[in-house]
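Chemist: Once you've had a glance at the structure underneath, I'll fire off some questions.
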Amino acid sequence: MNADDVDGVAGYIAAWRPTSVPAEAACFARQVVSRAAPAGRDRAKNLLWAAGKLACYGIGLGLEPVPGVLLHPSVIERFTAHAPGLSGPARRTLRTNLRFLARHVVPHLDPADAPLPRERAKAPYSPAEISGFLALAAAQPTAAPASARAPG
């Protein structure tokens, strides 16, 4: 990314003034998105939208519009699960974008996921075991045809 791209993204963030969210929510969104330093204008636009929606929701609940409060994992989860008027895909996109912002702006609130241990794969069956399973299957009785079971 060259200097013009950075200036273009920073300029876009600074000029973002949506009519869909209150001025206080837009200010919060500009603050956190500029701190996250998105790589491009489209990414900045998506992050601004997500942060603005979160701030609008949080302010409506009486939460203080500061990163440490609104980007807390529990607030993000509550917002994405219960905010009215959002489709399933919009909720998933918001959650992903807000978690990205939280990791970059308040990393102490969103620790890295602990890696899960992996188990070793079982050894494949030997030819003798396969032969044994096939012999066992062949020895199983088959169901009698329906005509043989029905009384005459």
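The values are calculated or read from the model by the stated rules, or taken from the named source; none is laboratory data. Treat the numbers as computed from the prediction; the structure is a model and nothing was measured. Using ideal geometry, Cβ is built from the backbone for each residue, glycine included, and neighbour counts are taken over all protein chains shown.
Chemist: For the range 24-80, name all the residues that are β-branched (V, I, T) and closer than 16 Å to H104 by Cα.
Modeler: If we filter the range 24-80 for residues that are β-branched (V, I, T), which is where we start, we get 32-33, 59, 66, 69, 75-76, 80.
If the condition is that a residue be β-branched (V, I, T) and closer than 16 Å to H104 by Cα, then V32, V33, V66, V69, I76 are the ones that fit.
Chemist: If I ask for residues that are more than 17 Å from V32 (Cβ to Cβ) and part of a loop (DSSP other than H, G, I, E, B), which ones from the range 60-99 would you list?
Modeler: Hits for the range 60-99 are L61, G62, A83, P84, G85, L86, S87.
Chemist: Here is a further query. How many residues does the range 30-41 contain that are in contact with a Pro (Cβ under 8 Å, 6 or more places away or on another chain) and buried (at least 23 other Cβ atoms within 10 Å of the Cβ)?
Modeler: 1
Chemist: Would you point out which residue out of A102, A44, A26, A51 is touching an Asp or Glu at 6+ places or on another chain (Cβ under 7 Å), surrounded by 15 or more Cβ atoms within 10 Å (Cβ to Cβ), in a helix (DSSP H, G or I) and touching a residue at least 24 places away in the same chain (Cβ under 8 Å)?
Modeler: Residue meeting the stated conditions: A102.
Chemist: Identify the residue in the range 105-128 that is touching a helix residue (DSSP H, G or I) at 6+ places or on another chain (Cβ under 7 Å) and not in a helix (DSSP H, G or I) and, among all such residues, is modelled with the highest pLDDT.
Modeler: Ranking the candidates gives V106 first.
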